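Shown next, in structure tokens, is the structure this report addresses.
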Amino acid sequence: MIKICAEIIGTTVLVLLGNGVAANVILTKKNNNDDKNKGWLTIAIGWSLAVFIGVIISAPYSGAHLNPCVTISLALTGKFSWYLVPFYIISQLIGSILGSILVWILYKDYFSFTKNKKDKLSIFVTIPTVKNFYSNFFSEILSTFIFIFASLFISSKEMFFKEEDYPIVELGVLEYIPTSLLILGIIISLGGITGPAINPTRDLGPRIVHSIFPISGKGDSNWDYAIVPILGPIIGSIIAAKLYLFLS
């Protein structure tokens with residue numbers, strides 16, 4: 001039970017801080033080009049820190065998956081029990097919904113100041129710069145593949161130390177910095193096309209909140225695009241896990 005609670009809390013914090021930085025930039029800043037460029041970097045850094053903080057909170061108890069793609073890839077590589085997979089994924093979805101609700105509560109008054117419906121939607125979900133199903137879908141697959149493939153190696157301490165040669169040094173919370181930097185690198189280098197989601201529940205939970213909760217002038221929740229940030233990352237994580245097993 002504590003693992004489930006840790007996943008819910010960790011994912012709640014992840015989405016609260018990740019979508020929170022988007023709300024802070026988009027709902028309170030002017031939309032000139034300089035602000036947009038600075039805003040993109042701010043959002044990228046904010047999301048990487050959101051991952052770091054969410055992982056710190058939940059790692060001692062659940063392993064800090066916070067993402068169905070992480071859970072599925074670890075199960076495929078034999079590092080996690082398939083029995084727990086559905087429980088973890090449901091917990092991550094619950095956490096993403098709770099995190100989005102908190103963002104909605106915190107910035108509720110500011111949504112009325114933003115007239116652009118697309119900007120309001122972007123606080124909750126990923127939106128492609130150019131809507132092209134194949135390009136968007138491939139972008140999500142590739143971004144998630146890089147994230148999961150690298151994460152599987154990062155999680156293997158043997159990559160850095162051989163126990164027979166060096167004692168394994170416990171680095172505490174510093175162990176989670178590489179994952180945070182990995183997210184930052186992917187967003188900056190590959191994120192311009194779709195966002196990217198890299199995490200199905202990170203998009204699905206907030207999209208549910210956007211579609212249900214009263215948001216001033218919110219417009220459509222763009223459900224016809226939802227398959228891209230949900231299915232794309234899952235496919236990318238499966239490919240990454242299979243390649244990791246092949247190379248191991």
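Annotations
- Of all residues in the range 187-205, those satisfying the criterion of being over 11 Å from ALA226 (Cβ atoms) and either surrounded by 22 or more Cβ atoms within 10 Å (Cβ to Cβ) or without any contact (Cβ under 8 Å) to a residue 24 or more places away in the chain (or both) are ILE187, SER189, GLY191, THR194, GLY195, PRO196, ILE198, ASN199, THR201, ARG202, GLY205.
- Per the conditions (1) within 19 Å of THR201 (Cβ to Cβ); (2) in contact (Cβ under 8 Å) with a residue 60 or more places away in the chain, the sole criterion not satisfied by PRO86 is (2).
- Residue pairs meeting the criteria (Cβ under 9 Å; at least 6 apart or on separate chains; first over 19 Å from ILE97 (Cβ atoms), in the range 48-68; second buried (at least 22 other Cβ atoms within 10 Å of the Cβ) and of a type in the set (D, E, K, R)): TYR61/GLU7; GLY63/GLU7
- A search for C-beta distances below 6 Å between a residue of the range 219-239 that is in contact (Cβ under 8 Å) with a residue 60 or more places away in the chain and surrounded by fewer than 16 Cβ atoms within 10 Å (Cβ to Cβ) and any residue that is outside any loop (DSSP other than H, G, I, E, B) and not aliphatic (A, V, I, L, M), counting only pairs 6+ apart in sequence or on different chains, returns GLY219/LYS117.
- Just one of the listed residues (PRO214, PRO167, PRO178) is surrounded by fewer than 13 Cβ atoms within 10 Å (Cβ to Cβ), at pLDDT below 90, closer than 25 Å to LEU93 by Cα and not charged (D, E, K, R), namely PRO214.
- Residue within the range 120-141 that is closer than 22 Å to SER73 by Cβ, assigned to a helix (DSSP H, G or I) and of a type in the set (Gly, Ala, Ser) present: yes
- Any hit, the range 33-47, residues being in contact (Cβ under 8 Å) with a residue 12 or more places away in the chain, buried (at least 20 other Cβ atoms within 10 Å of the Cβ) and not small (Gly, Ala, Ser): yes
Here's the yes/no breakdown for (1) of a type in the set (A, V, I, L, M, F, W, C); (2) surrounded by fewer than 19 Cβ atoms within 10 Å (Cβ to Cβ); (3) more than 19 Å from ILE235 (Cβ to Cβ):
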position	(1), (2), (3)
ALA64	yes, no, yes
PRO68	no, no, no
SER91	no, no, yes
SER96	no, no, yes
GLY99	no, no, yes
ASN116	no, yes, yes
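- Count of the range 1-47 residues which are of a type in the set (Ser, Thr, Tyr), in a helix (DSSP H, G or I) and modelled with pLDDT under 95: 1
- Residue, surrounded by the most Cβ atoms within 10 Å (Cβ to Cβ), within the range 121-147, restricted to residues that are more than 15 Å from LEU231 (Cβ to Cβ) and of a type in the set (Val, Ile, Thr): ILE123
The values are calculated or read from the model by the stated rules, or taken from the named source; none is laboratory data. In this text, all values refer to a predicted model and were calculated from it rather than measured experimentally. Every residue, glycine as well, gets a Cβ built from its backbone with ideal geometry; the counts of neighbours run over all protein chains shown.
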